[in-house]
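The values are calculated or read from the model by the stated rules, or taken from the named source; none is laboratory data. These figures come from a predicted structure and were not determined experimentally. Please note: Cβ atoms are built from the backbone with ideal geometry, for glycine as well, and neighbour counts cover all protein chains shown. For accessibility, only protein heavy atoms count, side chains too; no ligands or nucleic acids. Shrake-Rupley method; radii C 1.70, N 1.55, O 1.52, S 1.80 Å.
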Amino acid sequence: MHTHLGRIIQLMKKVLIIGSCTVDITVPLPKLPASAGSVNSLPHKFSLGGCAFNVARVLHLLKVDHLHCTSIGSGMYGEF
């Protein structure tokens, strides 16, 4: 870890992250379709994403104490 960044992280007591948390849907394709063409997709994959979630994940991996504040919807992906 960069020395300056390491020192900053040591000085932080807790980081507040406010922002989005989304569901990313990845749909693998065996090949890109031709113009106006189509292909059958392989099984899709769901994963968490969004700017604030990604920052929270990195801070977690760096063992930095943090609080991620985000809104969670009530739609079909709200309980993912």
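Residues in the stretch 61-75: is at least one more than 20 Å from the chain's Cα centre (by Cα) and without any contact (Cβ under 8 Å) to a residue 24 or more places away in the chain? No, the conditions are met nowhere in the stretch 61-75.
Hey, could you check the stretch 42-61 for residues that are of a type in the set (A, V, I, L, M) and open to solvent by less than 100 Å² (accessible area, probe 1.4 Å) and say which is nearest to S71 (Cα to Cα)? Here the residue is A52.
Looking across K14, K45, one residue alone is of a type in the set (D, E, K, R) and over 14 Å from the mean Cα position of the chain (by Cα). It is K14. Condition test on I18, is it loosely packed, with under 11 Cβ neighbours inside 10 Å and either closer than 18 Å to E79 by Cβ or without any contact (Cβ under 8 Å) to a residue 60 or more places away in the chain (or both)? The answer is yes for I18. Counting only residues that are farther than 11 Å from G19 by Cα, in contact with a strand residue (DSSP E or B) (Cβ under 7 Å, 6 or more places away or on another chain) and assigned to a loop (DSSP other than H, G, I, E, B), the stretch 41-64 holds 2 of them.
If you go through the stretch 23-41 and keep only what is open to solvent by less than 90 Å² (accessible area, probe 1.4 Å), aliphatic (A, V, I, L, M) and more than 24 Å from S74 (Cβ to Cβ), you end up with V27, L29, A34, V39.
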